[in-house]
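Structure first, then comments.
The values are calculated or read from the model by the stated rules, or taken from the named source; none is laboratory data. As the structure is a prediction and not an experimental result, all values here were calculated from the model. With ideal geometry, Cβ positions are generated from the backbone for all residues, glycine too; neighbour counts draw on all protein chains shown.
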Amino acid sequence: MRPMDQASFTIIGLGGLGTPLALALAASGARRLVLVDDDVVDLSNLQRQVLYRTEDVGRPKGVAAKEALIRRGVPASRIEVARVRFNSASARGLLHDSDVACDGSDNLQTKFLVNDACVAVGRRFVIAGVVQDHGQVFPVRPGHDACYRCLFEAPPAEEIATCAEAGVLGATCGHVAAIAARAAMALAMGEDPKGILGKAWLIEAGTPRSIVLRPRPDCQACGIEFSEKENQA
Ligand SMILES: [Zn+2]
């Protein structure tokens, strides 16, 4: 599709996954990063949120992350900060002019929102998650790959343990974020020589393995699109 210096990414959630993701994509020469988070830096998770310092506690995460990237030599003009929550009202604006959406949020509701918003407008995206020593990376090309709802259908009625309750291993965050960043690059550039796309990646105790998934024709998010394709074929 396009080289990295022309690629634009929206990063949703600037915690233990979103900060190393932003760092990796910035270091890879992305043209534009949109950093989305409505929260402030908290002392409790600081050790795995690699862009923040203790003096950033209480400051908006996007602002602190942007300053950290500028200190590392990333031009300020390449970074935009959106201090909003990603939801159905803000999604369209946050995805505008973005090649790939990267979810690093810490809750399933947001992951489903990212999935549905991206499928609706045909935006490529990658969903990343970590709980304890387990991670997942799920890159999606709408209209081509299974989406998040093809796999999980809907969020559980009651949220499973949050990251804060279950705990998260910092090393796993960095590992999962690096795989997610590489998948996001493949999605943006349209180059996939080793086959990172079209699969769900599961990382357990430091070891990634992949599962090839097929889109579900009755998926509530993307099923109609695939049914139409089948009818046309
Ligand atoms: Zn689907």
Out of everything in the range 102-144 that is of a type in the set (A, V, I, L, M, F, W, C) and in contact with a Ser or Thr (Cβ under 8 Å, 6 or more places away or on another chain), what residue ends up being nearest to ALA183 (Cα to Cα)? CYS102
Restricting attention to the range 181-207, the residues that are surrounded by 15 or more Cβ atoms within 10 Å (Cβ to Cβ) and in contact (Cβ under 8 Å) with a residue 12 or more places away in the chain number exactly 17
Can you pull out the residues in the range 88-99 that are in a helix (DSSP H, G or I) and touching a residue at least 40 places away in the same chain (Cβ under 8 Å)? LEU94, LEU95
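Within the range 130-137, can one find any residue that is buried (at least 16 other Cβ atoms within 10 Å of the Cβ), in contact with a helix residue (DSSP H, G or I) (Cβ under 9 Å, 6 or more places away or on another chain), small (Gly, Ala, Ser) and closer than 17 Å to LEU21 by Cβ?
Yes, the conditions are met somewhere in the range 130-137.
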Restricted to the range 200-231, and to residues that are among the aliphatic types (A, V, I, L, M), within 10 Å of the ligand (Cβ to nearest atom) and touching a Lys or Arg at 6+ places or on another chain (Cβ under 9 Å), which residue is modelled with the lowest pLDDT? LEU213
I'd like to check something: does the range 100-109 contain any residue that is farther than 21 Å from ARG2 by Cα, within 16 Å of the ligand (Cβ to nearest atom) and either hydroxyl-bearing (Ser, Thr, Tyr) or not in a strand (DSSP E or B) (or both)? yes
Failed condition for LEU69, given (1) in contact with a Ser or Thr (Cβ under 9 Å, 6 or more places away or on another chain); (2) of a type outside the set (Ser, Thr, Tyr); (3) at pLDDT 95 or above: (1)
Taking the range 5-52 on its own, how many of its residues are among the polar types (S, T, N, Q), crowded, with 24+ Cβ neighbours inside 10 Å and in a helix (DSSP H, G or I)? 1
Considering only the range 133-153, I want to know if a residue exists there that is more than 12 Å from the ligand (Cβ to nearest atom) and in contact with a Cys (Cβ under 9 Å, 6 or more places away or on another chain). yes
Restrict the check to the range 49-66 and report whether at least one residue is free of Cβ contacts under 8 Å to residues at least 40 places away in the same chain, of a type in the set (Gly, Ala, Ser) and more than 16 Å from the ligand (Cβ to nearest atom). yes
Which one is modelled with the lowest pLDDT among residues in the range 111-143 that are of a type in the set (Val, Ile, Thr) and farther than 19 Å from LEU187 by Cβ? VAL131
Meets criteria (under 16 Å from the mean Cα position of the chain (by Cα), under 14 Å from GLY18 (Cβ atoms) and surrounded by fewer than 24 Cβ atoms within 10 Å (Cβ to Cβ)) for ALA178: yes
